[in-house]
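*Asks:* Just passing along the structure, written as structure tokens.
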Amino acid sequence: MKNKHLVYLFFATLLAGLLLRQLPWRPAQWYQTDLIRNDTAALVQIGVQYPGVAELLMERTETGWAATRELQTILVASAQMDPLLSALSRIRSIRIVKSNLLDTLELGTGRGLNVVYRLHSGKPETIEIGREMMESGRPATFIRLNDHGGVYLVEGHLRSLFPRDLDALRSDKVAVFDPAVVDSFIIQWKDDTLGRALLLHKKDTSGHWMDEKSESDETIHSWLELFGRLNGSPFAKYFDEYAGGRTLDARIALFHNAGDSIVLRLFYTKPPDLPEDVSVLKGQRPPEYVLHSSQNPRNYFAPGDSILLKHLFFGPVAQSRRDTAISRYAH
């Protein structure tokens with residue numbers, strides 16, 4: 001090789017080195033590997049600790065996952081746990097982050113989200129999760145592994161996956177159905193001493209509702225549409241389901257032409273049942289009415305619209321027929 005070629009090569013190498021020194025992230029900082037690999041079936045406990053908030057602890061039991069925060073425990077559906085388990089099954093790094101400004105990454109004391117998980121036969125492992133961002137058009141998150149203090153940018157948005165409270169682990173769906181496919185319904189009331197109930201169904205040929213009180217099909221269809229307004233209701237967090245029998249006020253069963261049914265139970269809790277430790281209410285007023293749906297059996301709801309509840313369970317569709325309600329559907 002001629003001397004001039006060696007000179008060109010020297011200057012090219014020097015120039016490349018100078019350019020690399022100016023890059024915001026040097027090649028040595030890129031570190032793409034699996035930082036965490038877990039078998040989700042072996043995960044038995046996940047603790048979530050947001051700054052300034054009581055820990056949310058999720059544990060695998062013989063009947064599924066349960067979550068506890070302060071003095072309240074709920075059962076968690078597998079569909080609500082799947083995103084968390086999937087996130088902990090694999091965390092892959094994009095690059096190593098060498099920064100002393102942890103606050104800007106939302107890491108460090110009072111900023112980071114701590115997730116502590118434990119496998120079936122292992123010690124607890126801690127991940128500190130910081131700020132989410134977009135990296136080259138892809139979601140990414142800053143994390144710190146507390147066992148060795150390394151800070152990484154990893155694939156995916158992780159922080160938003162982990163819930164702050166129990167409500168985030170619940171489904172807020174109360175009644176999801178198409179009013180057009182309901183072909184019969186039953187309404188029962190507690191204060192009917194004979195245990196009577198109202199049964200209404202559509203005629204097989206015409207599709208019209210059999211209605212001796214001459215209520216229009218539109219009235220019943222509009223009534224059925226109102227059930228959709230119950231979705232998204234707040235949860236009745238401290239309702240005593242074992243005391244539900246003595247507070248049950250009314251019951252509606254909606255039957256679909258496909259053979260399915262939705263059963264809604266309304267509980268009148270005034271004066272309301274209070275938890276043993278009233279401090280957990282934190283000044284909140286206990287609900288007057290509590291609602292339960294067979295479509296969401298793990299949860300009880302406290303809809304804020306008592307007028308809507310009275311209309312559904314005791315309104316025109318129900319009230320005008322109570323004198324002629326039949327008793328053979330009482331139970």
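What follows is calculated from the coordinates using simple rules that are stated; it is not laboratory data. Keep in mind the model is a prediction, meaning the values are calculated, not measured. Heads up, the Cβs are rebuilt from the backbone with ideal geometry, glycines too, and the neighbour counts pull from every protein chain shown.
*Asks:* Take the Cα of SER99, step 7 Å along the line toward its Cβ, and report every residue of the stretch 134-156 whose backbone nitrogen sits under 17 Å from that point.
*Replies:* 134-146, 149-156
*Asks:* Taking R0 as 41 Å, what's the FRET efficiency between GLU288 and GLN45 from their Cβ-Cβ distance, rounded to 0.05? Write down the numbers at each step before the final one.
*Replies:* Working: r = 37 Å, r/R0 = 0.91.
E between GLU288 and GLN45, to the nearest 0.05, is 0.65.
*Asks:* Let me ask another. Dipole magnitude of the stretch 118-185 about its Cα centre, charges +1 at Lys/Arg Cβ and -1 at Asp/Glu Cβ only, in debye to the nearest 20?
*Replies:* Values: 9 positive and 11 negative charges, 62 e Å.
It works out to roughly 300 debye.
*Asks:* While we're looking at this one, here's another question. Report the extension gain between ARG111 and ARG298 in nm, rounded to one decimal, defined as 0.36 nm multiplied by the number of residues separating them, less their alpha carbon distance.
*Replies:* That works out to 64.0 nm of additional length.
*Asks:* I'd like to compare 299-306, 40-47, 288-295: which one has the highest average count of other Cβ atoms within 10 Å, and what's the full order after that? Walk me through the intermediate numbers first.
*Replies:* Working: 299-306: 18.5, 40-47: 16.2, 288-295: 20.9.
Packing order, densest peptide first, comes out as 288-295, 299-306, 40-47.
*Asks:* Hey, another quick one. If R₀ is 41 angstrom, what is the calculated FRET efficiency for the pair SER136 and SER184, using the beta carbon separation as r and rounding to 0.05? Before the final figure, lay out each step's value.
*Replies:* Details: r = 57 Å, r/R0 = 1.38.
That pair, SER136 with SER184, gives E of 0.15.
*Asks:* In this model, which of LYS237/LYS310; LYS123/LYS237; LYS202/LYS237; LYS123/LYS173 are farther than 27 Å apart at the alpha-carbon? Can you show the working numbers first?
*Replies:* On the way: LYS237/LYS310 22 Å; LYS123/LYS237 32 Å; LYS202/LYS237 38 Å; LYS123/LYS173 37 Å.
Among LYS237/LYS310; LYS123/LYS237; LYS202/LYS237; LYS123/LYS173, the Cα-Cα distance tops 27 Å for LYS123/LYS237; LYS202/LYS237; LYS123/LYS173.
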